[in-house]
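The next block holds one structure in the form of structure tokens; read it before the comments.
Please treat every number below as a calculation from the coordinates, not as lab data. Everything numeric here is computed off the predicted structure, so don't read it as measured data. So basically every Cβ, Gly included, is an ideal-geometry build from the backbone, and we count neighbours across all protein chains shown.
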Ligand code: ADP
Ligand code: MG
């Protein structure tokens, strides 16, 4: 963690070190030398002006050290916090993009991930402050310890005994706090969920129109209640241990150590008054250093758990093997083939796809049809290697797709998913799905928008294609309707020079006629390219060279629209039923 902080903001570490050393140094000088020096001056009747001069000097140095600290806290920390946070977030984001898609369906992984995300900044700051604290403790212990050893080694055994007792009690205190935290993790996660539901726009409509918030809120209250019960139980326990430990600490310091020192000063007259102040101060300072050391250890431990979590997240190796030196697909058209492909999602036994065999020669137009839940989207995800098939293989130009570099392989596809997202960026960027780089980009986007039938609307916006979508960052941001967003998403495929286009029901919010038109445009625009489109509306399937009908993860019928109609099977039945329905709607 320190290494990461160092690469992000070395200034921060240097300042922390400097400030801590200066602060500690001033403290040590005061306790060990300055007080004694001033007393000695007074005893030897040194001129008053000299004493005033020394005191002024000391206070000037102390003020300078304070200034250092204030500068660190008020100027350096806020600046470097941002730098460190950006660096850490970069690491997290890069890793988040790298991990398997299936990780997002794994609650354990999700916990690690969200925790890494949420706690990262507070933890780093804490790690830094614990580090400075530890350094100051080590310096102080060295200084005070030397003083005690020189003047009064006799009290060392007492100090150590006191420390051991305090340590035992404090360990229990720390354990109680730990258990409390651990036992409330689940509750905190539940409460966080409610926070997200209220906060995110995605839920706002449903929350207003329905009563769904009642059970959600109920969940929140019960989580809060059980968290309170746990906190109360362990809080009391922690409180008792805390009181015990400070009592032991005070007793040993006041009665034991200070008593011994004063006895040796008054009765045995072992040392001067000046030395007495030094020894008294050093002994109690050493005592508090020792118990602080235990605290710092506990804090280090707690942060260690977090760092471990963070490291685990960063070290996660995607199960989907990426060949660094894999092949790069050749330019031009490609043949695709699925051979005996079966697939189940992680953690579920039921196969979503079974023994799928599909051959897609370059340039062919394919329609995947079937009811909701038949496995169409899953098939698309496997084709794009977002998941690896559990059995069987996917071949590109006769080579297993695992032999290719995943990034290069995926770049062959222009895809729109059913649940595509509109980003808080300009229309142009939303269509290109990358920053505007080349000269022809604007023109390309314009053409794509025209082909998907949304250019008219965009053109009339005050800032045209440079309008920002969503109101996330811009008050004048544009909110599009479902159908309009889909047309925008479809423009993405038109704008991308990919050799294979995949449309996974991007048109479900469009009426059947618009959908047909969009697909028709797509066929025209993608002449020579492979097109795979998924739909549960069969009217669009008439445009395809070949249709595959999926049911329960299996292909039950395949052939051209004509052939399937002549078979009078399930496809023909579904087609006629849907056509009937549209005809009824039209007459109505
Ligand atoms: P379609 O696109 O044909 O409507 P899908 O491929 O999305 O169907 O889903 C097929 C089946 O797989 C469904 O029964 C669905 O519940 C299940 N499924 C989809 N995604 C996941 C997932 N991430 N984890 C587990 N099961 C899933
Ligand atoms: Mg789907």
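Its Kirkwood hydrodynamic radius, worked out from the mean inverse distance over all distinct Cα pairs, puts region 444-558 at 15.4 Å.
Taking the convex hull of the Cα atoms, report for region 188-272 its projected area averaged over all directions, in nm². Across all orientations, region 188-272 yields a mean hull projection of 9.8 nm². In the chain, the longest principal axis of the Cα atoms and the axis of helix 213-251 are about 20 degrees apart.
Counting only DSSP beta bridges with both residues in the chain, the antiparallel share comes to about 45 percent. Compactness ratio for region 333-449: Cα radius of gyration over 2.2 N^0.38 Å (N = residue count) comes to 1.24.
Between residue 527 and residue 359, the contour length at 0.36 nm per residue exceeds the Cα-Cα span by 58.6 nm. Each stretch of four or more DSSP H residues adds -39500 (n - 2.57); spread over every residue of the chain, this sum gives -20500 deg cm²/dmol at 222 nm. Taking the simple approach of a point 7 Å from Cα along Cα-to-Cβ for both residue 579 and residue 94, what is their distance in nm? Each label point is offset 7 Å from its Cα along the Cβ direction, giving 5.7 nm. Relative to the dominant Cα principal axis of the chain, helix 156-183 is inclined by about 20°. Can you classify region 258-312 as rounded, prolate or oblate using the Cα gyration tensor, where a ≥ b ≥ c are the square roots of its eigenvalues, rounded means a/c under 1.5, and otherwise it's prolate if a/b beats b/c and oblate if not? Prolate is the answer for region 258-312, as a/c is 1.5 or above and a/b outweighs b/c.
Determine the shape class of region 352-396: with a ≥ b ≥ c the square roots of the Cα gyration tensor eigenvalues, call it rounded for a/c under 1.5, and otherwise prolate if a/b is greater than b/c, oblate otherwise. Oblate, because a/c is 1.5 or more while a/b does not exceed b/c.
In percent, rounded to a whole number, the relative contact order of region 422-511 is 35, using alpha-carbon pairs under 8 Å and six or more apart.
Here region 167-228 and region 460-477 have alpha carbon centers that stand 37 Å from each other. Normalised Debye scattering of region 107-229 at q = 0.22 Å⁻¹ gives log10 I(q)/I(0) of -1.31, counting only Cα atoms as equal scatterers and leaving out solvent. With axes computed from alpha carbons, what is the tilt in degrees of helix 185-199 against the longest principal axis of the chain, rounded to the nearest 10 within 0 to 90? Computed tilt is about 60 degrees. Convex hull volume per residue, computed on the Cα atoms of region 1-146, equals 112 Å³. Every pair of different Cα atoms in region 510-553 enters the Kirkwood calculation, which places the hydrodynamic radius at 11.3 Å. In nm, give the distance between the simple-model label positions of residue 254 and residue 558, each being 7 Å from the Cα along the Cα-to-Cβ direction. The answer from the label model is 8.8 nm.
Convex hull volume of the C-alpha atoms in the chain, normalised per residue: 226 Å³.
The residues 272, 62, 348, when put in order of fewest to most other Cβ atoms within 10 Å, stand as 348, 272, 62. Using alpha carbons only, the radius of gyration of region 235-355 set against its Kirkwood radius gives Rg/Rh = 1.51. Note that region 98-166 shows a convex hull volume over its alpha carbon atoms of 132 Å³ per residue. Based on the reciprocal of the average 1/r between different C-alpha atoms, the Kirkwood radius for region 73-127 equals 12.4 Å. Equivalent ellipsoid of region 396-476: semi-axes from √(5λ) of the C-alpha gyration tensor, largest first, are 30, 15, 12 Å. Centroid-to-centroid, using Cα positions, region 251-295 and region 512-526 are 89 Å apart. Determine, from the Cβ-Cβ distance of residue 83 and residue 311 and an R0 of 22 Å, the FRET efficiency 1/(1 + (r/R0)^6), rounded to the nearest 0.05. After rounding, the FRET efficiency stands at 0.60.
Reported to the nearest whole Å, the Cα centre-to-centre distance from region 1-67 to region 349-380 is 74. Translational diffusion of region 273-412 was estimated from the Stokes-Einstein equation, with Rh taken as the Kirkwood radius over Cα pairs; at 37 °C and 0.692 mPa s the coefficient is 163 µm²/s.
Here each label is just a point 7 Å from Cα along the line to Cβ, and for residue 183 and residue 262 those points are 4.3 nm apart.
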